[in-house]
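> If you scroll down you'll find the structure; I have some questions about it.
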Amino acid sequence: MKNELDFYLQHTGSVEVSSMTRQDLKNLIATGESSFLEFKHRVSSPEKIAREIAAFANTKGGTILIGVSDNGDLTGVESYMEEEFWLSQAAHDVCTPRVEIKIELFNKGNRDILIVTVPEVEEKPVYLKGKKQRTVYVRQEDESVVASDEFVEVLKRGGSDEGVTFEYGEKEQLLFRFLNEYGDITVKRFSIIINATTYRAAQILVNLVSAGILDLYEKDGVAHYTFSKKSA
């Protein structure tokens, strides 16, 4: 109990009053949940909200609205102090490395709505601590999903094309022909096409993502690769 109290004293008091008007908030909610926006009725536990924080931090950043139902109703929370405590615990203790979130308060009568801004971090990936292993989450459309091993490798490389080269050989030719016809590909399918191990296939695909040639997205727990929009 003392440890929780010490943590609370260290990490509370950082809430700011939001400058957002009620109409501004309604306009934001009207855009709906997306790769940049998440609604939460309340914070049920530090571990669960940490998934959303880590996913935004590992992707492009985003905003979490606490006290907003899935259909966009402004339900609010009775007291922001418990929510703030769990948010801070999630960002600073469950996430590693810690994520420096910004918490703003919007008052709705006798209830509060918390506007949580999560930045995209430079040091990726952000992991979630677990009893047996650490997990990486990323944002995919309006969901926070577990990242595949290939996605984690891309995050570690920082998505930079600096110093990354690739050989345009037979395997790459087969890959590009397949993508031109079907649009996307998985590691397993690519390994079959080039008659190589999935490890080797993943190496080639991840290298092409790092070089900016391909984009990577998660679907049903599987990594899919497409031509990069930047290189189009």
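Only the coordinates and a few stated rules stand behind these numbers; no lab work does. These numbers come from a predicted model, not from an experiment. Neighbour counts run over all protein chains shown; Cβ positions are idealised from the backbone, glycine included.
> How far apart, in nm, are two points set 7 Å out from the Cα along the Cα-to-Cβ line at PHE227 and at GLU120?
Result for the modelled spin labels: 2.3 nm.
> In whole Å, how far is the Cα centre of the stretch 74-92 from that of the stretch 177-232?
Cα centres, the stretch 74-92 to the stretch 177-232: 40 Å.
> What's the longest piece of the chain with no exposed trypsin sites (Lys or Arg not before Pro), counting a site as exposed if DSSP puts it in a loop and it has at most 13 other beta carbons within 10 Å?
135-228
> Given axes a ≥ b ≥ c from the Cα gyration tensor, I'd like to know whether the stretch 173-228 is rounded (a/c under 1.5), prolate (a/b larger than b/c) or oblate. Walk me through the numbers before you get to the answer.
On the way: a/c = 1.20, a/b = 1.10, b/c = 1.09.
Rounded, because the longest to shortest axis ratio a/c is under 1.5.
> Also: Be a star and scan the stretch 60-96 for residues whose amide nitrogen sits under 19 Å from the point 7 Å along the Cα-to-Cβ vector of SER45.
Backbone N within reach: 82-96.
> Summing -39500 (n - 2.57) over the DSSP H runs of n ≥ 4 in the chain and dividing by its residue number, what mean residue ellipticity at 222 nm do you reach, to the nearest 500 deg cm²/dmol?
-11000 deg cm²/dmol
> Give me the distance in nm between label points sitting 7 Å out from Cα along the Cα-to-Cβ direction at ASP73 and ARG22, one decimal.
1.7
> Using the count of nearby Cβ atoms within 10 Å as a rough guide to exposure, how do TYR217, TYR168 rank from fewest to most? Mind showing how you got there, number by number?
Working: TYR217 15, TYR168 9.
So the residues, fewest neighbours to most, are TYR168, TYR217.
> For the chain, what is the relative contact order in percent, using Cα pairs closer than 8 Å and at least 6 residues apart in sequence?
Details: 410 pairs, mean separation 40.5, N = 232.
Once normalised by length, the contact order is 17 percent.
> Now for a separate question. In nm, what is the difference between 0.36 nm times the number of residues separating ILE192 and ARG134 and their Cα-Cα distance?
That works out to 17.8 nm of additional length.
> Here is a follow-up. Calculate how steeply helix 198-210 sits against the longest principal axis of the alpha-carbon atoms of the chain, using the helix alpha-carbon long axis, and give the answer as 0 to 90 degrees to the nearest 10.
Helix 198-210 and the main axis of the chain meet at about 70 degrees.
> Restricting to Cα pairs below 8 Å that are 6+ residues apart, what does the relative contact order work out to for the stretch 148-227? Please round to a whole percent.
Computed over the stretch 148-227, the figure is 41 percent.
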